[in-house]
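A short worksheet on the structure shown next.
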Amino acid sequence: MRIERELMRGAGPVAVLKLLEGGAKYGYELIETLARSSDGVLDMGQATLYPLLYNLEAQGLVKAEWRESPSARQRKYYALTAKGKKRLAHDVEQWRAVARAMQGLGVLQPGLGGATA
Amino acid sequence: MGDHFDLTPPASWWGRARFTPVTDALHGQLSARLDPRTLIAAADLPASLSELIYAVVQGACLSRAEKVDLTQELIAQFTVGLTAGGTAEQLASDFGPAEQAVRLIRDSKLRNAPFHWQASHLPAALVELIDTVVRRARLWHSEKLDVMRELAAHFTDGLAAGRTAEQLAADFGLVDQTARLIRRGKIRNRPLLWHAARFMLRAVLITTLACFVVYSLLAARFYFSTPTIERNYWVEANNARDVPDADAGWPLYRQAIVMLGSYEDRKATPMKFEWLGAGRQGKHWDKVVAFVASHQAAVTLAREAAQKPRLGYLLGDPRDRDYFREVNADWLDFGKAVADDNTALVNVFLTGVQELRGIGQLLAADAQVAAAEGDGNRAAESLHAAIALSDQIYQPDSFLVEQMVSFACFGMALEAIEVIIADTLDVLTDDQLRDLAHRIAAYRDGKIRLDFTAERAIIDDILQRAYTDDGHGDGRITAAGLKLAERWQNSYSNPKPADNDDVLRWLAGPGMSAVVAGRAETRELMTRFFDQAIAAHQGPPWRWNGDAIEAVDHEFRLAIAAPLGKVRYLFPNLVMPGIMSAFSAVEHAIQARDAAEVVIALVLFHRKTATWPASLNELVPALLPAVPADRYDGQPLRYRLRDGRPVVYSIGPDRHDDGGQSTPDPYNAFAGNYDPPSTEPDVPPLATQRWANEYGDAVFWPPVPRKSEE
């Protein structure tokens, strides 16, 4: 399902921050994990992901570092900063609030997406 | 490439300095770390790999920074390979020939894209894609390399995951949009200082552009607007002055002026008016006599001209120029403008009127010489002619200059009368003295005053030539107006401005037009100044209010002294300052007239009674209608007997009665300002107060020679 750009604009950064919460990841890995974990809904190409990562880096929410992978290849890994963790926590709360509101309106089914506390 | 290279890092000071970054040099270290050889040596790789790296780096025509990047890249590549267990030969074989790498790098340079070694191993389509994105992102070199590395790593991961180059390229997205988004993201990561500099640069560019737009609009408005000249003030002034030739004295006067000779010629028989003040006892009297004797023809012409009812001097009369050219009187400058040209009235040359001072001087000198020779009739004739000349100069709508020349000539005639009476008491008969007294009283029909009609016309003419006319009395300054002001100002300035200032003036014009006051405001300031100056000088001078006079001047000077005031009030600043002193010139003329009347009355009294009166009241009403006032304080003109002889005097600008004592330079007392002192504490004291003890009294009789006579 193709998600509206405005929705993606709001969801994309949160999704990426959430994925990085589990540990530093590189670009390709993020794309694959996003697609897999969201059933393709949050499938974003390199054209979207890398600019998004650069913006998060500019905001100080993630930091980038070149590392040697186990396969002796150089990869650029992105990790969450302390500021990024705080932002993630804040955004998650916001999404939960939205989800609860949507539940109340009948847009979402109860119990979906961690909407209940 | 089988060449062997000298990979020894530079040892000499200069060799190391060439490859040392400025930051290292400032810290006192000649690190030479911009030299690939230094980096290769530090890496301690096998010789074959070191040479391979150096061959690629040197052959690829890179900038110094690119060489360093590539060297580090390849060193890292081979180091990893060796660490993974590869041999130098295997790694070199896998790398491929150095020439191939060099060719790849040069191809990327041709495409203006940075080269990155990791990207070079990808399929051509993906390399091309990365190149295109990186090139269109228009980033710094280091940013380009970073993006290239990351995208290369991404595609490498994708290929390793089993995807094809075509699938990866298809999933990439729109190249232009991606490049734009990547650029935006990378720019956000740039240092704060860079962002500040970019903001400042944009602010400067926007401000410059805005200024340019505003300036262009101003320039268009300025250079495309023109004044509307509707009136020819020259012709209008001449219509009031024009008289039939038979009634005009000027044609005869101009002949007499030519007879006086050029300024060079006059050096042969010099004549200074100051020499007349000492009379026959003066040390230059012989020169006065010689001067008069050599110009009798001019005297005759002047007397004839003085009998004409009017002067008939026209502004910009081409007949004058033609006449003076015919008689080779090229020393007289009448300017280029003639009345029909309708140039600015302010450009009028009053050369002829100025030269009439010399005629007045000649007549006064002739009268004194005639009196010294005992010829009372000739003396009286010349005196009458001199007074008539003074009246003629004061034409309808005269310029202030002409009025001043009239006062000057009148003063010369009065002084000559007083000197004659002092020198040769009996040469003029009673009837001649009475006739002179009546003629003196009749000067200007008895009403000596200023007429600013011509000056107001100058203002109106300036406004019509300098400003547009919106039909409601207002308008804005034009390029022609600024040029007029500049020409006017340059006539006063010394040295003259250089011609190569034209470009600056052309550029500054629109800016100035935004500052210079509009037509209505300029007119209001100038006419208000005239009206207030006239109002402050109403009535006799001893009733003038010094505070009010000072306020007029002060207000005007405040306006000019304000920031940009001299530019904003361009024309008032050029025109106005001179008129305040004209009011005192009128009072001088009136006082001199009154004093001469008193002197004549005293002489007639003495002739009748063989005594001098104890006071001037004794002359009233038989010889004087009334005792004239001392125009400095309104009290009767001062009179006293000293050593049995009368002294007639005014207390002078210091308003202190010194008993008829003048100072070593008596002219100061005559030249004093009639404006009373201001009472305002903050106002600087007038000259009269500053020099209170230096003026003495203005003694009219007996005549006191001027300092220059001595």
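Every number here is computed from the coordinates shown, using simple stated rules; none is lab data. It should be emphasised that the depicted structure is a prediction, and the values quoted were computed from it without experimental measurement. Quick reminder, even Gly has a Cβ in these numbers, built from the backbone with ideal geometry, and neighbours come from all protein chains shown.
A few remarks follow.
- Taking a straight Cα-Cα cut-off under 16 Å and skipping sequence neighbours fewer than 8 places away in the same chain, the aspartates and glutamates within cross-link reach of A:Lys76 are A:Glu29, A:Glu32, A:Glu57, A:Glu65, A:Glu68, B:Glu73, B:Glu143, B:Asp146, B:Glu150, B:Asp157.
- Cβ crowding within 10 Å ranks A:Arg67, B:Arg465 as A:Arg67, B:Arg465, fewest other Cβ atoms first.
- Separation of the B:Trp194 and A:Ser71 label points, Cα + 7 Å toward Cβ, nm: 3.1
- Chain B - percent relative contact order, Cα under 8 Å, separation 6 or more: 10
- Global geometry of region B:622-665, whether rounded, prolate or oblate, following the gyration tensor of its Cα atoms and the 1.5 cut on a/c: oblate
- Region B:543-655 - Rg and Dmax from Cα coordinates, angstrom: 20.9, 68
- Test item: B:143-149 mean partner chain Cβ contacts at 10 Å: 2
- Positive-pole candidate from B:Ile459, B:Tyr443, B:Ala422, dipole of region B:396-497, charges at beta carbon: B:Ile459
- Euclidean distance between Cα centres, region B:366-393 to region B:606-643, Å: 25
- Over region B:255-374 - Rg/Rh using Cα atoms and the Kirkwood inverse-distance radius: 1.03
- For region B:181-333, the fraction of C-alpha pairs more than 27 angstrom apart is 60%.
- In nm, spacing of pseudo-spin labels at A:Asp39 and A:Glu93 (7 Å Cα→C-beta vector): 3.0
- The angle between the Cα long axis of helix B:453-466 and the main principal axis of chain B comes to about 20°, on a 0 to 90 degree scale.
- Size of charge dipole - the protein assembly as shown - debye, nearest 20, with Cβ of Lys, Arg +1 and Asp, Glu -1, no other charges: 4340
- Dipole orientation for chain B: of the candidates B:Trp13, B:Gly659, B:Ala479, B:Trp13 has the Cα lying most toward the positive pole (charges on Cβ; Lys, Arg +1; Asp, Glu -1).
- Its Cα centre serving as origin, region B:227-378 has a Cβ charge dipole (Lys and Arg +1, Asp and Glu -1) of approximately 540 debye.
- Computed over region B:1-79, Kirkwood Rh from alpha-carbon pairs, angstrom: 12.9
- Relative to the longest principal axis of the Cα atoms of chain B, the long axis of helix B:376-393 lies at roughly 40 degrees.
- With R₀ set to 41 Å, the beta-carbon distance separating A:Ala82 from B:Ala124 gives a calculated FRET efficiency near 0.40.
- Each 10 Å bin from zero holds the following percent of Cα-Cα pairs in chain B: 2, 11, 15, 15, 11, 6, 5, 5, 6, 8, 7, 5, 3, 1, 0.
- Relative counts (whole %) of C-alpha pair distances in region B:318-459, using bins that are 10 Å wide: 11, 34, 29, 18, 7, 0
- Normalised by 2.2 N^0.38 Å, where N is the number of residues, the alpha-carbon radius of gyration of region B:337-401 equals 1.50.
- For the protein assembly as shown, the fraction of alpha-carbon pairs lying more than 35 Å apart is 68 percent, rounded to a whole number.
- Unit charges on C-beta of K, R, D, E only; dipole of chain B, Debye: 2180
- Chain A: translational diffusion in µm²/s, Stokes-Einstein, Kirkwood Rh over Cα pairs, 25 °C, 0.890 mPa s: 161
- Between helix B:546-561 and chain B: long-axis angle, C-alpha atoms, 0 to 90°, nearest 10: 30
- Neighbour counting of Cβ atoms within 10 Å sorts the residues B:Phe172, B:Phe571, fewest neighbours leading, into B:Phe172, B:Phe571.
- Among B:Glu486, B:Glu381, B:Glu418, B:Glu150, the order by Cβ neighbours within 10 angstrom, fewest to most, reads B:Glu486, B:Glu381, B:Glu418, B:Glu150.
- If the segment from B:Cys61 to B:Asp547 were pulled out straight at 0.36 nm per residue, it would be longer than the present Cα-Cα gap by 166.4 nm.
- Structure-based [θ]222 nm, chain B - -39500 (n - 2.57) summed over DSSP H runs of at least 4, per residue, nearest 500: -18500 deg cm²/dmol
- Extents of region B:377-473, taken as max minus min of Cα coordinates on every principal axis and listed largest first, are 68, 19, 17 Å.
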